Each structure stands twice: as C-alpha cells, then as structure tokens.
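See structure below.
The values are calculated or read from the model by the stated rules, or taken from the named source; none is laboratory data. None of these values were measured; they are calculated from a predicted model. Virtual Cβ from ideal backbone geometry, glycine too; neighbours counted across all protein chains shown. When the accessible area is computed, the model is the full protein with side chains, heavy atoms only, and any ligands, DNA or RNA have been set aside. Shrake-Rupley method; radii C 1.70, N 1.55, O 1.52, S 1.80 Å.
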There are 2 protein chains.
Amino acid sequence: MPWMPTPTNAPDRGGRPAITSARHLAEVAQALFVEHGFEATSVDDITAAAGVSRRTFFRYFSTKADVLWVESAAELGRFRELLAGASRDEACRDVLCRTAPAALHHPPEEHTWMLHRAQLLLTVPAVQEKAAPRYARWREIATEFVAARRGTGTDDLVAIAAGHAVLAATLGAHQYWIAHPGEDLKNLHERFLRLLIPDV
Amino acid sequence: MPWMPTPTNAPDRGGRPAITSARHLAEVAQALFVEHGFEATSVDDITAAAGVSRRTFFRYFSTKADVLWVESAAELGRFRELLAGASRDEACRDVLCRTAPAALHHPPEEHTWMLHRAQLLLTVPAVQEKAAPRYARWREIATEFVAARRGTGTDDLVAIAAGHAVLAATLGAHQYWIAHPGEDLKNLHERFLRLLIPDV
DNA sequence: CAGGTTATGGCACGGTGTGCAGTAAGTCCA
DNA sequence: TGGACTTACTGCACACCGTGCCATAACCTG
C-alpha cells in the first residue's frame, strides 16, 4: 500500500507540516500545461516550479495527468449525494437532468480554470487517456441510481444505457462548450441530457 | 516521420521479406494479455514470444496497447462506407442503428477473440486509456453523417449529441455483452442504439 | 556481382512511475 | 532538555515505455 499525505481535513497528530498541497501542485502544473502543452511539460518541470522534489509529486498524484482531476472526487461525491437526496416523486429522467449539471457546478471565478481543464481533457490525447476511470465512475453512479429506481441490478440493460447516456451528454456538452465558450455550460449540459437520456 | 513496414496489400518492390506481421504480433500479444494480464506483460515478453526484437515491435505498433486495435482501421472504414452508401430515403436514425452493428461484424470463428478484446478494453484501466482516440474517430464519423444529413456543420448540437449517442450505445452494448456473453452482440448493439439515439 | 530496396537488430537516451532507505521537522511527555 | 513518536520530504536505483540513429540482413533486378 503506497504512502499518501494525510488529507487536509484530518486531525493534526503532530509530525512534519506539509510544505505543499495537492491543490498547489495542481495549479502550478495546469499553468505549465496551458503555457507549454501537456506533453512538453515534464514532472521535473512541475516540481522545479513548485519547489518540491520529483518523488514528492508522486506522493500527491499517482500520474502526471491526475493533477487535472483534483476536483473529481468532490464532483463525484456531489453527484452521488444529490441523487440520494432526490424525491421519489420526481421522475428518474428529471432527477438526472437536474443533478448532473449541479454536481459539476463551480463558482464563476473558476470559470477560466474549468475552460482550460475542459480544453485539455477533450483535445490532448495524453490527457484523454487518463480520463477513462473517472468517466467510468461518473457513469456507474448514474447506472446505480437508475438500477435502484427500477429495482434491478446494475447489469440491467436500461440502467447501463442510462449511465452511458449521462456520460455521453456530459462529454457532448463540454465539447460543444469549448467550441462556444460564450454559452452557459449548465444550460448546455441540461439540453444534452434531455436529448440523450431515454424516457424510461 | 517514423518508418513503418509496408502494408500487405502494397506491390512487392523487392527488399527483405518481413519475418512477422501486425496480425501475428497482435495474436501473440493478446494471448499473453489474457494469460498474465496486460500490465504484467511487457513488450519484451511479447517480442520474446514472437521471436522478434523489441525495436521491431514498435515499428508495427506505436504503443503496447495498440495491438488490441489491429481491426480498428477496417471497422472505421466499413462504418464510413456503409453510411456513405445509405439511401437518403432511410431515416437518419435507422441508418445508424443498422450500419454501426454491421461495421463491427466479424465471422463466428473470431467470436472468442472479440470477447477477449472486449473484456480487456472495458476492464483493464491501462487499456481503456488508449481507447480514447479510437472512440473519438467512431464518434466523429457518426457526427459527420448526421451533420451532412441535417445540412449543418459538425459543431451542430444535435449532430454532436448523435455522435456521442452512437458511441455510448456501442460501449454499452459491449459492456452488457461481456456480462452476458450468451447474447447476440449485434442484436444488443441495435437495442442500445434504438434506446440512445435521439429521434431527430 | 553491384546497387537498390525493405525489414530487422542493437544501442543510447529521455521520460514515467515505484520501492526503499534515510533525513528533516513538527508534537507530546518525562 | 532530551528522548520517542509521527508525519513529510529527499535521493537513489530500477523497470518499463517509446524514439532516433545507424548498422546489417535478405530479397529484388541488371
């Protein structure tokens, strides 16, 4: 089991204070990615800019691309909580169309950060590669919700299809967004969801 | 520009005959993947089993995972041709539901090979990573078809959504299939497509 | 046999990611 | 003050991936 720095919300049990943080490394890294490109930026470049050793970087992130997913755990958690909190009176499809965009909501000051992230995620092959496990989690959460609503297992055909539809809509909305950054992402996301989620 | 062996359909202009082939390397590699796992199989293991040098392997495939996509170019080509040959009398949605499964059709003797491939593609993270560019091509072909039918550009919202729907249905069908290998993939594929492609 | 063409082999190199051992910097307690 | 404990950072060696470069092997035609 690899060692990992204790998360910031853990109780302080003494020990050497952290000289850096996942968030700090992620910001330094993303800035370099935007400036020089993902592949042209080596981990050594990132650690040099952040004033940390190469080995330390890999304690915070298991791969170079993972810095682009600092927010992933929070987004997935919000999605799961919003689904769990939905009333059973609200139609399955409506719940998904409402909660998925809400789970990805970020304050306006992070708008350009999100746009940069979306551009990297959808256009740089080396980054797209690392996205698969995150996409899978996003899809699974939707599938589990639909399966629970339908009283089936997660290997139900309709539940699987719905999970893929939610992911497809999310990716489609972001793809459209980076081509039309003036539009409202949340609104786009909902339109794609309404188009793609089957009416079940 | 990296050097590449001439494809088998090229005219013979003399020169040293190839000691191996992409197909042979792919078969050796996939067998090792199935037996020992993808990550536990190094390129050295593959080349040792195939009786070629490490350098030669990278002339046929640019990455280790690419051996799982030997058929990709042919499948994409079939999809594009089938779409191009469709009558304009046939509804857009019907064309997609018919051609996508047909483009992925393989003879029965390759059934287990396809199943192994699907299992590796959908369950091994290191393999899923390399899938992104292939998925993107598959999606683009569908998007281009829908955009042409609608008389719009490929940045049309509905065309983008349709492209994502086709990909989602393809992945969903394979996911369902590896959990229920007794079912007919072609039939499953069509059902997922009918569920997910919006009626436009 | 010479000259052209194509495939394979060997080697060095930069980059990623991991395991391990050591050290630095805090807290707590006697 | 001085340990003992805890946690975080560093350095190094290593396996693997993927690439560029050059040499060499094996076939063709004249």
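The number of residues in region A:62-77 that are within 16 Å of DNA strand D (Cβ to nearest atom) and open to solvent by 20 Å² or more (accessible area, probe 1.4 Å) comes to 5. Any residue at all in region A:97-119 that is open to solvent by 10 Å² or more (accessible area, probe 1.4 Å), in contact with a helix residue (DSSP H, G or I) (Cβ under 9 Å, 6 or more places away or on another chain), basic (Lys, Arg) and within 10 Å of chain B (Cβ to nearest Cβ)? The answer is no, given that none of the residues of region A:97-119 is open to solvent by 10 Å² or more (accessible area, probe 1.4 Å), in contact with a helix residue (DSSP H, G or I) (Cβ under 9 Å, 6 or more places away or on another chain), basic (Lys, Arg) and within 10 Å of chain B (Cβ to nearest Cβ). Taken together, the residues in region A:152-200 that are within 14 Å of A:CYS97 (Cα to Cα), surrounded by fewer than 23 Cβ atoms within 10 Å (Cβ to Cβ) and among the polar types (S, T, N, Q) amount to 1.
Among the residues of region A:45-82, those identified as acidic (Asp, Glu) and either assigned to a loop (DSSP other than H, G, I, E, B) or more than 18 Å from A:ALA126 (Cβ to Cβ) (or both) are A:GLU71, A:GLU75, A:GLU81.
Answer yes or no as to whether B:ALA161 is more than 19 Å from B:HIS106 (Cβ to Cβ), in a helix (DSSP H, G or I) and at the interface with chain A (Cβ under 10 Å from one of its Cβ atoms). Considered against the rule, which asks whether it is more than 19 Å from B:HIS106 (Cβ to Cβ), in a helix (DSSP H, G or I) and at the interface with chain A (Cβ under 10 Å from one of its Cβ atoms), B:ALA161 comes out as yes.
Can you confirm whether region A:189-200 contains a residue that is among the aliphatic types (A, V, I, L, M) and farther than 16 Å from B:VAL158 by Cα?
First, the residues of region A:189-200 that are among the aliphatic types (A, V, I, L, M): A:193, A:195-197, A:200.
If we keep only those that are farther than 16 Å from B:VAL158 by Cα as well, we get A:200.
Scanning region A:189-200, I find at least one residue that is among the aliphatic types (A, V, I, L, M) and farther than 16 Å from B:VAL158 by Cα, so the answer is yes.
So, of the residues in region B:9-42 that are free of Cβ contacts under 8 Å to residues at least 60 places away in the same chain and surrounded by 16 or more Cβ atoms within 10 Å (Cβ to Cβ), which turns out to be nearest to DNA strand C (Cβ to nearest atom)? My answer is B:THR20.
A:PHE57 meets the stated requirement of being modelled with pLDDT of 95 or more and either closer than 21 Å to A:ARG134 by Cβ or among the hydroxyl-bearing types (Ser, Thr, Tyr) (or both).
Within region A:85-151, considering only helices (runs of 4 or more DSSP H) that don't extend past its boundaries, which have at least 1 residues that are farther than 30 Å from B:VAL124 by Cα? Answer list for region A:85-151: A:92-103, A:111-123.
I'd like to check something: does region B:135-142 contain any residue that is without any contact (Cβ under 8 Å) to a residue 12 or more places away in the chain and either assigned by TED's automatic domain parsing to the domain that holds B:GLY182 or under 17 Å from A:PHE192 (Cβ atoms) (or both)? It would help to see each step written out before you state the result.
To start, the set of residues in region B:135-142 that are without any contact (Cβ under 8 Å) to a residue 12 or more places away in the chain comprises B:136.
The next check asks that each one be either assigned by TED's automatic domain parsing to the domain that holds B:GLY182 or under 17 Å from A:PHE192 (Cβ atoms) (or both); those that pass are B:136.
Checking region B:135-142: at least one residue is without any contact (Cβ under 8 Å) to a residue 12 or more places away in the chain and either assigned by TED's automatic domain parsing to the domain that holds B:GLY182 or under 17 Å from A:PHE192 (Cβ atoms) (or both).
All conditions but one from (1) near DNA strand D (Cβ under 10 Å from one of its atoms); (2) within 21 Å of the chain's Cα centre (by Cα); (3) assigned to a loop (DSSP other than H, G, I, E, B) apply to B:ALA40; the one that does not is (2).
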